[in-house]
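The values are calculated or read from the model by the stated rules, or taken from the named source; none is laboratory data. Values in this document were obtained by computation on a predicted structure and should not be read as measured data. Cβ: placed from backbone, ideal geometry, glycine included. Neighbour counts: every protein chain shown. All accessible areas refer to the heavy atoms of the entire protein, side chains included, with ligands and DNA or RNA removed. Shrake-Rupley method; radii C 1.70, N 1.55, O 1.52, S 1.80 Å.
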Amino acid sequence: MSAIDIAAFGVSVRDLVEFVLRRGDVRTSAGGLAGRLLEGAKGHRTVRRSRPTSYQSEFALSESFERPGVRLDVAGRADGIDLEGAPPVVEEIKTVSKPLALIGSQDNPLHWAQAEIYAAMLVRKEGLESIEVRLTYYHIEQKKSRTFERRPDVQDLLTWFDETVSTYLDWVEKVAAHRRVRDLGLRDLAFPFGAFRRGQRQLAADVYRGAKKGARLFAEAPTGSGKTMATLFGALRAMGEGEASQIVFMSAKGPGKRAAIDALETIRGIAPDLKWLVLTARDGACESPGADCDPARCPRAAGHFERIAGARDALLARFGNSREAVAEVAAAGRVCPHGLSRDLVAWCDVIVCDYNYAFDPQVSLAALTKRNGQARRVFLVDEAHNLLDRAREMFSARIDRSRFVDLAKKKPALPGDLVRAARSVGRAISSAVTEASGEGRPVLQEMPRRLLRALERFIKAAEICASAGVDFSIHTGARDAYFEALALLRAGAAAEPGDVVIAKKEGREKTVHLFCRDPSGRLRAVLNEARAAATFFSATLSPIKYFARVLGGDEDDPFVILDSPFDPGKLAVAVAAHISTRYRDRDGTAAALADAVAAAVNARTGTYLVFFPSYEYLAKIAPLVEQR
């Protein structure tokens, strides 16, 4: 088999561990989701400074595995290694807010698995006869660490590593086999409606060429052009030729997603091996609303990872997976439907989703935005004129003083440290508003340092509370405040020169809002990181060069403006210049307007739409038309 016939996949050590070895329950908590955003890197550096000079940080390791038709590249960076140790050492470092005394050596099997995979890779790379595996926890408040050590048998370690990789290879073999059959079916894909509408063939061809080149295309195509089918068809033809491994169709609204699903169902008759998935927000998919992924309250969350492999296989075996289909498979497998759909994101041919799954830093999925082996994605962005405002929202963040003031009143229901931290945030917001008002307008040059420090303290306090067992599913105000604080800090860390900080008083409320004015750089970064060709299309994308710039395009990116598919000779425009629709004239011209509408409707049988500037005006005229 030639190299070109081999399906190449890549996986990080962390993702390999999560996919194959994770067991137990689904849990969502403040402490579990922050990822030690603020102190993680600092904690790692502190631990490394205490190690000998022979210690090497961020040591890159990789290894390739092959089966007939499939190659898997496993790669990652060990936090630290020391080849001069006796025996050599591999170390994994985790920062925590949970008291070190409460952490046991057997508490975190996935942490051990990650460290031991690095150890196995190092053993094989260096030909080592023995190795020590260390798992070190660094407490971000106490600035102390606790280390556990293991000295596994080298042969047992390599056998376990190979078995873990083999399980993952079993999965990617299924995916590779599916993709070979899929590509054969797509190679000669015929347009499902036979004839193209005017402009539809051109748009499909431009999308196809853009996918092959990895380019970005901006297209304005009037309503009725058949944009959804044209863009999907062009991208699927590129997929059949090996120029795309996945298509991500994004829309801001339900009708756009519905149109994509309808198009995929139409294509099903001529491409039965295509697999697509609709992503639904957690709240929309949840079978236990309000349970907040608590295993004690949600039977799907309890033991989810014990059962996920079977549900994953069942979902991948289906052609199309709408929200209802995901719910059906999840119910049969007794797993979380949201978690199940996220697990399949990397493996389905077409993903239908909202913009935020690709572009929003708060909820974007690594499976759509990170480079993965030889993945070549095509982003199809429907109603792209909506992305500008949505992107500004994604890269902006706001906090309200009242939320933190309310928390400060919750003692003793909430721990004192958290209450004091919330009070500090409230004071810092007030200070920012006062500072801005002193400047004569509510705009600050940068985020106030006092507010940043207060937010950091609040986040730390919330994470410590979560580690100590505070149930944030009950204290929803504290949970929401935590995520708002985290969002503002993240937005601040990614802020660009064009962003503005607005601190102002609105009635009795005081707010600080970091506002992204120009999201183009951040959108471009997502496209580059995702290694994605992209087509941004809409019926209203004028001026097209302006939208190309603000949506992350470059000066030389191609664009196309299609004519309407409808015959302009069949357009009639009649102007009743004698009827005034000004507000002050509406009572006096109501009868004449009703006569004109009735005359138009009665002239020819058909269905008519009449547009009014207000509902009140419609309610005034509709009864008069009915009388006529």
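The residues of the range 357-376 that are open to solvent by 40 Å² or more (accessible area, probe 1.4 Å) and not hydrophobic (A, V, I, L, M, F, W, C), listed by number, are P361, Q362, S364, K370, R371, N372, Q374, R376. Only one entry of E126, E92, E132 meets the criterion of being surrounded by fewer than 14 Cβ atoms within 10 Å (Cβ to Cβ) and not hydroxyl-bearing (S, T, Y), and that entry is E126.
Restricting attention to the range 223-230, does a residue exist that is farther than 20 Å from F319 by Cβ and open to solvent by less than 10 Å² (accessible area, probe 1.4 Å)? Even if it seems obvious, please write down each step before you answer.
Quick first cut of the range 223-230, residues farther than 20 Å from F319 by Cβ only: 223-227, 230.
After this cut, where a residue has to be open to solvent by less than 10 Å² (accessible area, probe 1.4 Å) as well, the list is 225, 230.
Scanning the range 223-230, I find at least one residue that is farther than 20 Å from F319 by Cβ and open to solvent by less than 10 Å² (accessible area, probe 1.4 Å), so the answer is yes.
Screening A577 against (1) without any contact (Cβ under 8 Å) to a residue 40 or more places away in the chain; (2) of a type in the set (G, A, S); (3) closer than 30 Å to D389 by Cβ leaves a single unmet condition, (3).
Identify, please: which residue in the range 491-508 is part of a loop (DSSP other than H, G, I, E, B) and under 18 Å from R403 (Cα atoms) and is, among those, least open to solvent (accessible area, probe 1.4 Å)?
The qualifying residue least open to solvent (accessible area, probe 1.4 Å) is G507.
Looking at the range 563-620 only, could you name the residues that are among the basic types (K, R) and modelled with pLDDT of 90 or more? R582, R584, R586, K620 - these are the residues of the range 563-620 that are among the basic types (K, R) and modelled with pLDDT of 90 or more.
Taking the stated definitions as given, is L488 under 23 Å from R441 (Cα atoms) and assigned to a helix (DSSP H, G or I)? Steps first, answer last, please.
Working: under 23 Å from R441 (Cα atoms): yes; assigned to a helix (DSSP H, G or I): yes.
Answer is yes for this residue.
Looking at this structure, is E555 outside any loop (DSSP other than H, G, I, E, B), out of contact with any Lys or Arg (no Cβ under 7 Å at 6 or more places or on another chain) and open to solvent by 60 Å² or more (accessible area, probe 1.4 Å)?
So E555 fails the test.
G588 passes every criterion in (1) open to solvent by less than 70 Å² (accessible area, probe 1.4 Å); (2) assigned to a helix (DSSP H, G or I) apart from (1).
Here is a yes/no grid of residues against (1) at positive phi; (2) assigned to a helix (DSSP H, G or I); (3) hydroxyl-bearing (S, T, Y):
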site: F536; (1), (2), (3): no, no, no
site: F547; (1), (2), (3): no, yes, no
site: S564; (1), (2), (3): no, no, yes
site: V575; (1), (2), (3): no, no, no
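Within the range 86-123, track down each residue that is under 17 Å from F19 (Cβ atoms) and hydroxyl-bearing (S, T, Y). If the condition is that a residue be under 17 Å from F19 (Cβ atoms) and hydroxyl-bearing (S, T, Y), then Y118 is the only one that fits.
Could you say which residue among D389, D400 is open to solvent by 20 Å² or more (accessible area, probe 1.4 Å), over 27 Å from Y546 (Cβ atoms) and modelled with pLDDT of 90 or more? When all the criteria are applied, what remains is D400. Among the residues examined, E456 does not qualify as out of contact with any Leu (no Cβ under 8 Å at 6 or more places or on another chain), assigned to a helix (DSSP H, G or I) and closer than 25 Å to A101 by Cβ.
Please tell me if C353 is buried (at least 17 other Cβ atoms within 10 Å of the Cβ) and farther than 27 Å from A271 by Cβ. It is false that C353 is buried (at least 17 other Cβ atoms within 10 Å of the Cβ) and farther than 27 Å from A271 by Cβ. For the range 416-443, a residue qualifies if it is β-branched (V, I, T), crowded, with 18+ Cβ neighbours inside 10 Å and free of Cβ contacts under 8 Å to residues at least 40 places away in the same chain, and exactly one does: V419. Of everything listed in (1) within 24 Å of A525 (Cα to Cα); (2) open to solvent by less than 30 Å² (accessible area, probe 1.4 Å); (3) in contact with a Gly (Cβ under 6 Å, 6 or more places away or on another chain), the single unmet condition for A311 is (1). Criterion applied to C298, C348 was being open to solvent by less than 20 Å² (accessible area, probe 1.4 Å) and touching a Leu at 6+ places or on another chain (Cβ under 6 Å), and the one residue passing it is C348. Screening Y168 on (1) surrounded by 13 or more Cβ atoms within 10 Å (Cβ to Cβ); (2) outside any helix (DSSP H, G or I); (3) of a type in the set (S, T, Y) shows it passes everything except condition (2).
For the range 272-295, the set of residues classified as open to solvent by 60 Å² or more (accessible area, probe 1.4 Å) and closer than 26 Å to V17 by Cβ consists of R282 only.
A single member of A41, A120, A75 is open to solvent by 20 Å² or more (accessible area, probe 1.4 Å), out of contact with any Cys (no Cβ under 8 Å at 6 or more places or on another chain) and either without any contact (Cβ under 8 Å) to a residue 60 or more places away in the chain or on the phi > 0 side of the Ramachandran plot (or both), and it is A41.
From the set of residues in the range 44-101 that are in a strand (DSSP E or B) and acidic (D, E), which is farthest from V133 (Cα to Cα)? Once the filter is applied, the top-ranked residue is E66.
Checking C336, C348 one by one, the residue that is of a type outside the set (F, W, Y) and touching a His at 6+ places or on another chain (Cβ under 7 Å) is C336 and no other. For the range 183-278, the strands (runs of 3 or more DSSP E) that sit wholly inside it and include 3 or more residues that are under 15 Å from V352 (Cα atoms) are 246-250, 276-278.
Among the residues of the range 123-153, those that are of a type in the set (D, E, K, R) and either on the phi > 0 side of the Ramachandran plot or not in a helix (DSSP H, G or I) (or both) comprise E129, E132, R134, E141, K143, K144, R146, E149, R150, R151, D153.
Restricting to the range 491-539, count the residues that are within 23 Å of L444 (Cα to Cα) and hydrophobic (A, V, I, L, M, F, W, C). Of the residues in the range 491-539, 12 are within 23 Å of L444 (Cα to Cα) and hydrophobic (A, V, I, L, M, F, W, C).
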